[in-house]
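Notes to accompany the following structure.
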Amino acid sequence: MLKILGRATSSNVQKVVWLCDELSVPFERTDIGGPFGGNDQPEYLSLNPNGVVPTIDDDGFVLWESNSIVRYLAEKHGAGTPFWPEDIQARASAGRWMDWALSVLAGRHVPVFQGLIRTPEAERDMAKIGAARDLWAKANLVLEAWLADHEYLSGDAFGFGDIPASPFTYRWFNLAIEREDFPNLKRWHDAICARPAFRKHVIDIGLQ
Amino acid sequence: MLQLKGRNNSSNVMKALWVLDEIGLDYEREDIGGAFGKNDEAPYLTLNPNGRIPTIIDGGLVLWESNSIVRYISSTHSLGDLCPADPAGRALCEMWMDWQLTELVNGMVPVFHGLIRKLPAERDPAAIATARDVWAGKWAILDDHLSRNAYIGGDRFTMADIPIGPIAYRWYELPIEREDFTHLQRWYDLICARPAFRKHVMTGLS
């Protein structure tokens, strides 16, 4: 059976377990990282030298980098469905949002999420958090513009390209921050929240 | 013909140029960004709302995010060669491409911008030195990987080598302290022997 190593509160682990439930792929998950530790131990580092989560072991095939894991499992279990389009241009278009979630969105959200959720109130730098929030809003404006013309990030249908941005968007709508009115982002996020697998692995975990 | 938008001294544009020339595809490039500007003007923002480079236009597809461009070009024109045909082999390539985005580039940016794109009076040597140490730690991980693999994606040159190549060039060309990473150096020498890398990446630091 597919093994997933990583704590359930990590947005990068959430991408993978959410995907598995969307595609009905059975898996066993082990808590690693954060309060559970283990990610800096030789046993884990021999699988993933970066010491971050998640890592998967798929019958002996070891893979890390959550977006690569999502693509690998999506193709293996979702090929031939709208989730993993046959058309190579449609696939490239959906996939760009995965890279974008890494190159733009993740970095913009980190100071806000870490600042408000993982930093004690007395230690918070609210000016820094506010400036980071403004940059995060600019990134969300890019999503808003795309979603004005497309039902999903992946195109006409929900697909693998929608996975990486979604846990960040959940945080955007649930952190105690100022929010611009992004109607299309909200419509897309509501559609994502209606998915039982997203509810189970992201919403029910909440902000930790 | 495929159109590529972006100034050629951007490491992200270099990735696209390098893969296009490895395959031998024709393209037209337009200078956008940096000293050329235009990346924050309406015509370009219509194509790429991030205002970043590169962007390609290929038939009906407008695509941005440089690693997505490398993956698209490789899978369209070089499946079974630059882009492995088997899903596991491909996933291992993509893992290192993602690693370039999530881990490797973060060490590079403060060092490269600090030393090359800032005036000497504006430099923060302590911040540059700290970032260099972080960056070296990432190279140590790749050096270990390359002790068991000839190339990043395994035993031959693939798309996995492309995003990391321009970052390695900067590592070896910047006036910084460098650890003795034997396997990284061996791989880098192989990369430097490739004409398309020499043409598009080994063009100086600017």
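The values are calculated or read from the model by the stated rules, or taken from the named source; none is laboratory data. For clarity, every value in this text was computed on a predicted model and none was experimentally measured. Quick reminder, even Gly has a Cβ in these numbers, built from the backbone with ideal geometry, and neighbours come from all protein chains shown.
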Original post:
What pairs come up if the first residue lies in region B:106-122 and is without any contact (Cβ under 8 Å) to a residue 60 or more places away in the chain, the second is surrounded by 13 or more Cβ atoms within 10 Å (Cβ to Cβ), and their beta carbons are under 6 Å apart, counting only those six or more places apart or on different chains?
Top reply: B:Gly107/B:Ala131; B:Gly107/B:Val134; B:Gly107/B:Trp135; B:Gly107/B:Lys138; B:Pro110/B:Ala131; B:Gly114/B:Arg123; B:Gly114/B:Ile128
Subject >> Qualifying positions in region A:104-147 - within 11 Å of chain B (Cβ to nearest Cβ) and either within 25 Å of A:Pro183 (Cβ to Cβ) or buried (at least 19 other Cβ atoms within 10 Å of the Cβ) (or both) >> reply: A:Val104, A:Leu105, A:Ala106, A:Lys138, A:Ala139, A:Leu141, A:Val142, A:Leu143, A:Glu144, A:Ala145, A:Trp146
**OP:** Spot the failing condition for B:Ala88; the list is (1) touching a strand residue (DSSP E or B) at 6+ places or on another chain (Cβ under 6 Å); (2) under 19 Å from B:Tyr188 (Cβ atoms), and only one is missed.
**Re:** (2)
Original post:
Which residues, taken from region B:6-47, are within 18 Å of B:Thr203 (Cβ to Cβ) and hydroxyl-bearing (Ser, Thr, Tyr)?
Top reply: B:Ser10, B:Ser11, B:Tyr27
Original post:
How do the strands (runs of 3 or more DSSP E) wholly within region A:1-69 filter down when requiring 1 or more residues that are touching a residue at least 24 places away in the same chain (Cβ under 8 Å): which remain?
Top reply: A:2-5, A:27-30, A:55-58
**OP:** May I ask you to list the residues in region B:112-171 that are charged (D, E, K, R), within 14 Å of chain A (Cβ to nearest Cβ) and exposed (fewer than 15 other Cβ atoms within 10 Å of the Cβ)?
**Re:** B:Asp144, B:Arg148
**OP:** Test A:Arg179 against the stated conditions and say whether it is surrounded by fewer than 21 Cβ atoms within 10 Å (Cβ to Cβ) and either touching a Pro at 6+ places or on another chain (Cβ under 7 Å) or part of a loop (DSSP other than H, G, I, E, B) (or both).
**Re:** yes
Subject >> Output for region B:1-47, where each listed residue is over 19 Å from the mean Cα position of the chain (by Cα) and part of a loop (DSSP other than H, G, I, E, B) >> reply: B:Met1, B:Asp26, B:Gly37, B:Lys38, B:Asn39, B:Asp40, B:Glu41
Subject >> Breaking point among (1) part of a helix (DSSP H, G or I); (2) touching a Leu at 6+ places or on another chain (Cβ under 8 Å), for A:Glu75 >> reply: (2)
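Okay, residues lined up against (1) facing chain A (nearest Cβ under 8 Å); (2) buried (at least 20 other Cβ atoms within 10 Å of the Cβ); (3) part of a helix (DSSP H, G or I):
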site: B:Val70; (1), (2), (3): no, yes, yes
site: B:Thr76; (1), (2), (3): yes, no, yes
site: B:Asp81; (1), (2), (3): no, no, no
site: B:Ala85; (1), (2), (3): no, no, no
site: B:Gly89; (1), (2), (3): no, no, yes
site: B:Leu92; (1), (2), (3): yes, yes, yes
site: B:Asp98; (1), (2), (3): yes, yes, yes
site: B:Met108; (1), (2), (3): no, yes, yes
Original post:
Out of the residues in region B:169-194 that are in contact (Cβ under 8 Å) with a residue 24 or more places away in the chain and aliphatic (A, V, I, L, M), which is nearest to B:Leu142 (Cα to Cα)?
Top reply: B:Leu184
Original post:
So which residues in region A:189-205 are closer than 19 Å to A:Ala139 by Cα and under 15 Å from the mean Cα position of the chain (by Cα)?
Top reply: A:His189, A:Ile192
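This table checks each residue for (1) of a type in the set (Ser, Thr, Tyr); (2) loosely packed, with under 13 Cβ neighbours inside 10 Å.
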{"residue": "A:Ser154", "(1), (2)": "yes, no"}
{"residue": "A:Phe158", "(1), (2)": "no, no"}
{"residue": "A:Ala165", "(1), (2)": "no, no"}
{"residue": "A:Leu175", "(1), (2)": "no, no"}
{"residue": "A:Pro183", "(1), (2)": "no, yes"}
Subject >> Failed condition for B:Thr102, given (1) without any contact (Cβ under 8 Å) to a residue 12 or more places away in the chain; (2) within 13 Å of chain A (Cβ to nearest Cβ); (3) surrounded by fewer than 17 Cβ atoms within 10 Å (Cβ to Cβ) >> reply: (3)
Original post:
When you look at A:Glu75, is it within 13 Å of chain B (Cβ to nearest Cβ), under 18 Å from the mean Cα position of the chain (by Cα) and without any contact (Cβ under 8 Å) to a residue 12 or more places away in the chain, yes or no?
Top reply: yes
**OP:** Confirm whether B:Leu63 is within 19 Å of the chain's Cα centre (by Cα), at pLDDT 95 or above and facing another protein chain (nearest Cβ under 10 Å).
**Re:** yes
